[in-house]
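Step one of this worksheet: look at the structure below.
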Amino acid sequence: MSWESWVIATFSRTLAYGTPLLLATLGEIYAERAGVLNLGVEGMMIIGAFAGFAVAHNTGNPWLGVLIASAVGGVFSLIHAFASITLRANQVVSGLALTMLGLGLSGVLGRRFEGMPLFHPLKEVTVPGLASIPILGPILFDGQNLLVYISIVLAVIMWYVLYRTRIGVSIRAVGEDPATADSLGVNVARVRYLCVFVGGVLAGMAGAYLSIAYRPSWTDGMTAGMGWIVIALTIFAFWNPLLGLVGAYFFAALFHLSFRLQAWVAPELLKAMPYALAILVLIAVSRGTLQKRMGAPSALTLPYRRGEE
Amino acid sequence: MKRALVVLGVLAVMISVGMVGLADAYVPGTPLKVGFIYVGPIGDYGWTYAHNEARLIVEDTFPWVETFIVESVAEGQEEAFIDQLIQEFDVDVVITTSFGFMNGTYAAAQRYPDKIFAHASGFMRLPNMLTYMADFYQVYYLNGIIAGALTETNKVGYVGAFPIPEVKRHLNAFALGVQAANPEAEVQASWIYEWFNPAGAKEATEALIADGCDMFAFTEDSPTVVQVAADNGLLSFAHYGSQMYQFAPDYVVSGQAVHWDAIYVDFLQKIYDGVYTAQNLQNVDYWWLMSQDAVAAEAQPGVPINPLYVDALKAYMVDDPVLGMISAYDLFYTRLAQFSNPGVTFDPFQGPIVDRTGVVRVEEGSWLSVDSLITMEWRVSNVVGSWPNEP
Amino acid sequence: MKLLSRIHVERRTASPAWLVFAVSVGAIVAALLVAGIFFRAYGVSPLRAYGDILRGAFGSRLGITETIRRAIPLLLIGVGLTVAFRALFWNIGAEGQLLIGAVAATGIALFSGLPGGLLLPAMFVGGFLAGAAWGIIPATLKSKLGINDVITTLMMNYIAIYIVDWLIHGPWKGPSMRGFAYTDPFPAAAVLSTVGDTRIHWPTLVIGIVAAIVAYIVVKRTRLGFEIRVVGENQHAAKYSGISHVKITLLAMAFSGGMAGMAGVGEVAGIHHMLLGPANVTGGYGYTAIIVAWLARRNPLAVIITAFLFAVLLRGGDVIKVSLGLPFQLVNVFNGLILFFLIGSDILMRYRISFGRKERETV
């Protein structure tokens, strides 16, 4: 087999599998940037996958499914927001609870959709003209899903907002030093709510991508741990949306290659890689200025209440 | 603290008081209560779904049977459920449907010598514990004949759950079928290391497509491979038949269907008749194949080959060493008839077979024993890709 | 004035005891009420469901023994977690520490060649040390490099999962298991004895209860316990009073990881008698134990009760799966709700406590 087709297949699969990772990671980056760790990604994704499939199946309109899935993911995330921001409950426990609830609810409600085919999934698109560019054309413009492009555009926009706008300054300030942000007139709770909500919306969308586009059908537990990879990815991306793009595709490539290279590399090694890399990255940036520039937001997991601490 | 100790004391007393009033042995001819312990959710597309379908057929067939079920039981937790089924629901027969339930079932069978146990796919038996298995290897061989005939790239993909003897046996049988129809074609194996993992099955299939495969068989409990193949305009063989066929009716050529009810109906009837009791099951091991109607090659019930592909198969000619020039279609039905015949006259693993490393695995003219079949680690010469534990 | 306010404070410090209890019970009741809506939506009377849960857990000898069996790993892990949580270390890696403990026990059971009598003690020691080592890694990363403990412990769970996967598919795959991914069964000398014909592997239970009592005494009555508390409550104060933050964190996590490791030993030596798929080994105990330790308000002795309580839920969930034919995912819904109500209700107590602290400031 020619090296071109090898490259094309690997990269186009990377885009396809990396998209749900990217969407959910972008959302988690925003939540964590605002200081809220949300371990409920898996739960929000699966509830989105279920809601998206149910709507797409009943209405025959896949985009409506994506829309509702995002909304459901967003609403679902508000439970975590309420617990961790308003009630200032422990974020770790609340996130775990959200995952349990999401897996449980989708499993119970999704029973009657098990085994149903989806006759109107999100169709892949081919961009005429561009698709015939050698190598790049087949990778980028032939048979990819519209959500693939949307996620890339979102990554750029979300990077821009985070680093180049006032809103972004507020978000980062709230995650680094909420007391100071508060004294400067930033509404800490509101920013955090917003960011958690964005995280929920994108996780829901990622779930819908899985159940309406990537593999159009509903199966209990179909996110299969992707939400936890997203947690690792968020770290791996240094909480930066553009690096999130790189990281999501890197992990997706690892996943795809674990099947193509399995005659040579132990699959367990490639599967454990995202988690090991996340820890190594944290170690690498744990010192001095790197920690400040690239490490975790200082106020991550810390609830904020004016006048405390 | 003191209170806690008192509570513990009371509990200790309650525990040390022995069990009372355990139910008696089953009296043949009386209503029979049967408990099923499933490893997965009934809603999966594969293994557990098939067992549950069989259970429903059993209930319809025998008015004297009442069934109880537990789904999604984790390995190691089966004993508690067996206890509950027996103590609370007074079941007479417990059926455990996963290899991983072997130790728990065995221990329970020793503790309840009057109850009858049936364990799927295992090898430990007791006077009150039988084992059973409906095996697909003949069916995969039939699927392989079609794959060999219809592949245009001479590369056929197989997405396997785990590289364990059960799946290796099926993959090998499939590859032998491919070889029978098309000596040029290879079968490429890809493992996803899970019984159920849609995302893994999707990427494994895509990877095989990228490597040039154009036909797909698989062992995984979701219709993913069928869907992905169809999206690329490629053909596949449905695992557990009708459930998956509907996902791509135009692209599923054939597939594997299992009828556990054939086995269940048989041994439950024998228990009802008093033929099987809690004393004589030590050597009862069902290893049922096509001739017992426990498995079938079909795209959907009653349709062995999707009509869309009949013409192509009739047009494809095979030079068989015994049957001479014969169309793939006729070869398929000849083998199907031979497998279905109670006195089976052909076996996929019929010698001579040389494995990929050149070792003779089956001597000319002989067949493999069931024991060799269920411990198979070697691979057929036309299988490529990863193959852990190759001898 | 001073005297009055002091009496005031005393009254408040007295009330949290029942308040904590009342709030905890209230949270569980609230969760049961909301979960009741789901039962009803599923066409099952909530009263019937809860009745079945209680009956399943207490109504028979089988129920009680099974409940105790499920409580064992929760007890061991939970006791360890209370200590880690006291040192303000967020160990959500008990799942992985349990697995590594199980791996160590399996290695010793199958390959050490130790004489029979030494086998089980060696497995427990080995399991403790392995779990402790797995716990010390994130503890070191946090106390030396300031790396977030939640994330490292979580990531290490997955690494442990793939280590077990690799072992049972590769080097440790049992020749007697016909190619299936399990190790060989343990020799009889490596199997824990049980109480009568039950599945209560009592040595592990004894270890858990002793550990709970010892941990309680250490935490409440010793210098070390005091230091753990100081580190957990106020890192600056710890620094000024010369308490080594690093030492305390490492010790707390060695204990927490070690206890989880021993829970892993109990599961493989007491229940499975072999190493098998990681999800089946842990049964999610590592995560459930977080709720257990949380509900015990970080009191090791109270874990004896909360572990039992959650074992009732686990056992009861199993029972209604059969008796009411409810989908197994309902148990997840149930646990998620209880967790939310528990952490949600915390504010009632924290509000009270912070109020109390303010009072104290005015003293």
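Using modelled amide H (1.01 Å from N, peptide plane; none on Pro or chain starts), what sits under 5 Å from the amide H of residue B:69, excluding residues fewer than 5 places away?
Here B:36 satisfy the definition.
Over the Cα atoms of segment A:12-67, each weighted equally, I'd like the Debye log10 I(q)/I(0) at q = 0.13, 0.27 Å⁻¹, rounded to two decimals.
-0.43, -1.02
If you take every DSSP beta bridge whose two residues both sit in the protein assembly as shown, what share of them, in percent to the nearest 5, is antiparallel?
The answer is about 30 percent antiparallel.
With r as the distance between the Cβ atoms of residue B:246 and residue A:184 and R0 = 56 Å, compute the FRET efficiency 1/(1 + (r/R0)^6) and round to 0.05.
Once the sixth-power term is evaluated, E becomes 0.40.
Hey, can you grab everything whose amide H is under 5 Å from the amide H of residue A:145? Only 5+ residues off in sequence or another chain; H modelled, so Pro and N-termini drop out.
Hits under the 5 Å cutoff: A:125.
For segment C:72-311, please report how many Lys pairs fall under 23 Å Cα to Cα, leaving out neighbours fewer than 8 apart on the same chain.
Close lysine pairs found across segment C:72-311: 7.
Relative contact order for chain A: what is it in percent, counting Cα pairs under 8 Å that are at least 6 residues apart?
After rounding, I find 36 percent.
Quick one: what Rg and Dmax do you get for segment A:234-282 from the alpha carbons, in Å?
Here Rg and the maximum Cα pair distance are 11.5, 35 Å.
Using 7 Å Cα-to-Cβ label points, what is the residue B:287/residue B:111 separation (nm, one decimal)?
In this crude label model, residue B:287 to residue B:111 measures out at 3.2 nm.
Report, to one decimal in Å, the Kirkwood hydrodynamic radius for segment A:1-144 based on all distinct Cα pairs.
Result for segment A:1-144, one decimal place: 17.3 Å.
Hey, what angle do you get for helix A:241-260 against the long axis of chain A, alpha-carbon based, 0 to 90 degrees rounded to 10?
Once rounded, the angle reads 40 degrees.
Which whole-number percent gives the relative contact order of chain B, counting Cα pairs below 8 Å spaced six or more residues apart?
Over chain B, the number comes to 16 percent.
For segment C:106-111, in order, what is each residue's ³J(HN,Hα) by Karplus, 6.51 cos²θ - 1.76 cosθ + 1.60 with θ = phi - 60°, in whole Hz (x at glycine and Pro)?
So the Karplus estimates, Gly and Pro as x, are 5, x, 5, 4, 8, 10 Hz.
Can you tally the net charge around residue B:287? Count Lys and Arg as +1, Asp and Glu as -1, for every other residue whose Cβ sits under 11 Å from the Cβ of residue B:287.
-3
Rounded to two decimals, what is the ratio between the C-alpha radius of gyration of the protein assembly as shown and 2.2 N^0.38 Å?
0.95
Using a 10 Å cut-off around each Cβ, can you sort B:164, C:151, A:133 from fewest to most neighbouring Cβ atoms?
Taking fewest neighbouring Cβ atoms as first place, the list is A:133, B:164, C:151.
Could you let me know the centre-to-centre spacing of segment C:132-175 and segment B:206-271, using Cα atoms, in angstrom?
Segment C:132-175 and segment B:206-271 have Cα centres separated by 37 Å.
Calculate I(q)/I(0) for segment C:56-104 by the Debye formula, one identical point scatterer on each C-alpha and no solvent, and give its log10 at q = 0.16, 0.18, 0.21, 0.22 Å⁻¹ to two decimals.
Taking Cα atoms of segment C:56-104 as identical point scatterers yields -0.59, -0.68, -0.78, -0.80.
Within 10 Å of each residue's Cβ, count the other Cβ atoms and sort A:98, B:235, A:146 from fewest upward.
Least crowded to most crowded, the residues run A:146, B:235, A:98.
Rounded to two decimals, what is the ratio between the C-alpha radius of gyration of segment A:121-247 and 2.2 N^0.38 Å?
1.29
Could you compute how fast segment A:32-104 diffuses translationally, taking Rh as the Kirkwood radius over C-alpha pairs and applying Stokes-Einstein at 37 °C with viscosity 0.692 mPa s? Give it in µm² per second.
263
Can you tell me the mean projection area, over all orientations, of the convex hull of chain A's alpha carbons? Units nm², please.
Orientation-averaged projected area of the Cα hull: 17.4 nm².
Straight-line reach from residue A:271: which aspartates and glutamates have a Cα under 12 Å away, not including same-chain ones fewer than 8 places off?
C:165
With each run of n ≥ 4 DSSP H residues scored as -39500 (n - 2.57), what mean residue ellipticity at 222 nm is computed for chain B after dividing by its residue count and rounding to the nearest 500 deg cm²/dmol?
Roughly -11500 deg cm²/dmol at 222 nm, from the helical runs in chain B.
What ranking of C:20, B:258 emerges when the number of other C-beta atoms within 10 Å of each C-beta is taken as an exposure proxy, fewest first?
The fewest-first ordering by Cβ neighbours comes to C:20, B:258.
Report, largest value first, the span of the C-alpha coordinates of segment B:265-327 along each principal axis, in whole Å.
Reported extents, whole Å, longest axis first: 55, 29, 13.
Could you please tell me the mean projected area of the C-alpha convex hull for segment C:22-97, averaged over all directions and given in square nanometres to one decimal?
Across all orientations, segment C:22-97 yields a mean hull projection of 7.2 nm².
Quick query: amide H of residue B:160 versus all other amide H atoms, modeled in the peptide plane; which residues come in under 5 Å with a sequence gap of 5 or more or a different chain?
B:190, B:191, B:192, B:219
If I model segment B:141-194 as equal point scatterers sitting on the Cα atoms and use the Debye formula, what is log10 I(q)/I(0) at q = 0.14, 0.25, 0.28 Å⁻¹?
One equal scatterer on each Cα of segment B:141-194 leads to -0.32, -0.87, -1.01.
Dividing the convex hull volume of the Cα atoms of segment B:77-203 by its residue count, what figure in Å³ per residue is obtained?
Value for segment B:77-203: 125 Å³ per residue.
Grab the beta carbon distance between residue A:261 and residue B:327, set R0 = 56 Å, and tell me the FRET efficiency rounded to 0.05.
It comes to 0.90.
Let me check I have the definition right: for chain C, take the eigenvalues of the Cα gyration tensor, multiply each by 5, take square roots. What are those semi-axes in whole Å, largest first?
35, 28, 17
How high is the relative contact order of segment C:72-311, given as a whole-number percent (alpha carbon pairs under 8 Å, six or more residues apart)?
42
Grab chain B and count how many Lys pairs have their alpha-carbon atoms under 24 Å apart, sequence gap of 8 or more, or different chains.
7
Which listed residue (C:283, C:64, A:179) has the Cα farthest towards the positive end of the charge dipole for the protein assembly as shown, taking +1 on Lys and Arg C-beta and -1 on Asp and Glu C-beta about the Cα centre?
A:179
Can you work out ³J(HN,Hα) from phi for every residue in segment A:141-157, in order, using Karplus 6.51 cos²θ - 1.76 cosθ + 1.60 and θ = phi - 60°, giving whole Hz and x for Gly and Pro?
Listing the rounded values in order: 10, 10, x, 8, 8, 4, 5, 4, 5, 4, 5, 5, 4, 4, 4, 5, 4 Hz.
Read phi for every residue in segment C:198-206 and hand back ³J(HN,Hα) as whole Hz from Karplus 6.51 cos²θ - 1.76 cosθ + 1.60, θ = phi - 60°, with x for Gly and Pro.
Karplus values, whole Hz, x for Gly and Pro: 7, 9, 7, 7, 5, x, 5, 4, 4.
With a cap of 15 neighbouring Cβ atoms within 10 Å, and only residues DSSP puts in a loop, list the trypsin sites (Lys or Arg not before Pro) found in segment A:105-147.
A:123
State the volume of the convex hull built on the alpha-carbon positions of chain B, expressed per residue in Å³ and rounded to an integer.
Cα-based convex hull of chain B, divided per residue, equals 159 Å³.
Here, each number is a calculation from the coordinates, and none is a lab measurement. Predicted, not measured: the structure shown is a model, and the values here were computed from it. Cβ: placed from backbone, ideal geometry, glycine included. Neighbour counts: every protein chain shown.
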